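Reviewing the structure listed below.
Just so you know, all these numbers are worked out from the coordinates, no wet-lab data involved. Not measured: the values here are computed from a predicted model. Heads up, the Cβs are rebuilt from the backbone with ideal geometry, glycines too, and the neighbour counts pull from every protein chain shown.
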Amino acid sequence: MEIDHLGVAGETLESAAAHVEAALGVTLAAGGRHARFGTWNRLLGLGAGEYLEAIAVDPAAPAPGRARWFGLDARTGAPRLQAWIVRVPDLDRALAALPEAGEPVALERGDLRWRMAVPEAGALPWDGCFPALIEWEGAAHPAPRLPEAGCRLAALEVAHPEAAALAARLAPHLDDPRVTFAAGAPALSAVIETPDGPRRLV
């Protein structure tokens, strides 16, 4: 299990992208649409197979007929860092160990193909602080295609009232010193190294 990307959600894609750009002082690249969930995104490369996406409900898309991922159906208020997504080599095996992550859903965008665990209700467990699980199919991945923006993920803090229990739940599967857990109200906070120095994204 390793970090694949971070998701910043907003009521609109424009607001989500503006939140990231203001926080980091960089410009996001075009992304695309996710027909299965009726969402769209813009992207920022973080190097080393990692990236960040600003994501929101696509107003031009038909209703997906099921709850959207990341709890976007109930997304209100200011944009924020909403999700962290971890890459696994075998989604079915990962779900056998972490069934609360959801059910596997096959997805595609252009030539990208992947499977992702999505809870039936859309929102991730542990008040949205549990990582989403993704398995990419084939060699295609968004990160190498994105412009080099000089940004890298330096740290990710996962806050939750039961942070110790969440950390213990993930410890057998995740070994990344950049990820820490802290007791507090449910929230994600990332430190991103940028060309202008470290910036915090919440």
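Between Thr27 and Ser15, the modelled labels are 2.4 nm apart [label points 7 Å from Cα along Cα→Cβ].
Given a Förster radius of 25 Å and the C-beta distance between Glu148 and Ala35 as r, what FRET efficiency does 1/(1 + (r/R0)^6) yield to the nearest 0.05?
On the way: r = 29 Å, r/R0 = 1.16.
Between Glu148 and Ala35 the formula returns 0.30.
Estimated from helices alone, the mean residue ellipticity of the chain at 222 nm is -4000 deg cm²/dmol (sum of -39500 (n - 2.57) over DSSP H runs with n ≥ 4, per residue).
Take the Cβ-Cβ distance between Ala106 and Ala164 as r, set R0 to 45 Å, and report the resulting FRET efficiency rounded to the nearest 0.05. My answer for the efficiency is 0.80. Extending 7 Å from Cα along the Cβ direction at Arg178 and again at Glu120 yields two label points whose distance is 3.5 nm.
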